[in-house]
Amino acid sequence: MAQALDRTFAALSDPTRRAILARLAEGEATVSEIAAPFLMSQPSISRHLKVLEDAGLILRRVDGNRRPCRLAPDTLGALEDWLDHVRRIYAANYDRLDAVLNDLQSQEPKT
């Protein structure tokens, strides 16, 4: 699971790949449709797509000469699980800190 998360975070670290994912959230698209708004070559977009595919974020299929791409189902499930775990850890830490601060405030002399 750690390697999958590493690949996901690495893929999401690039703004072009995040923009591609945002585009694919609207629906399936071909490489040329994905490349249209970017000021980069189609081979460069294809390399970004390969990173996203290797991270399990997108799927590609062959349709004649076309290779449409779409978001993979449950694309961010593992990432969401990890974030929920970290969120629970932070919440527990903050709860302990609140308890310590409340204890310290109750021990202060009242003026």
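Structural remarks
- To the nearest ten degrees, helix 2-12 and the longest principal axis of the Cα atoms of the chain are 70 degrees apart.
- Principal-axis analysis of the Cα atoms of the chain puts helix 42-54 at an angle of about 50° to the longest axis.
- Mean separation of Cα contacts under 8 Å, 6 or more apart, over the residue count of region 1-69: relative contact order %: 36
- Between region 73-99 and region 37-63, the Cα center-to-center distance that results, in Å: 30
- Sorting 60-73, 97-110 by average packing, meaning the other beta carbons within 10 Å per residue, from highest down gives 60-73, 97-110.
- Exposure proxy ranking, count of Cβ atoms within 10 Å, fewest first, for I89, I58: I89, I58
- Nonlocal amide H pairs with A55, under 5 Å, H built at 1.01 Å: none
- Ellipsoid fit via the Cα gyration tensor, region 1-73: semi-axes of 19, 14, 11 Å, each the root of five times an eigenvalue, largest first.
- When F38, F9 are arranged by Cβ crowding within 10 Å, least crowded first, meaning fewest neighbours, the order is F9, F38.
- Cα-based helix-to-principal-axis angle, 77-107 vs the chain, degrees rounded to 10: 20
- Placing +1 on the Cβ of every Lys and Arg and -1 on the Cβ of every Asp and Glu, with nothing else charged, gives the chain a dipole about its Cα centre of roughly 540 debye.
Where a number appears in this text, it was derived from the coordinates with a stated rule and is not lab data. Bear in mind that the values here come from a model prediction, so they are computed numbers and not experimental data. Every residue, glycine among them, receives a Cβ derived from its backbone with ideal geometry; neighbour counts consider all protein chains shown.
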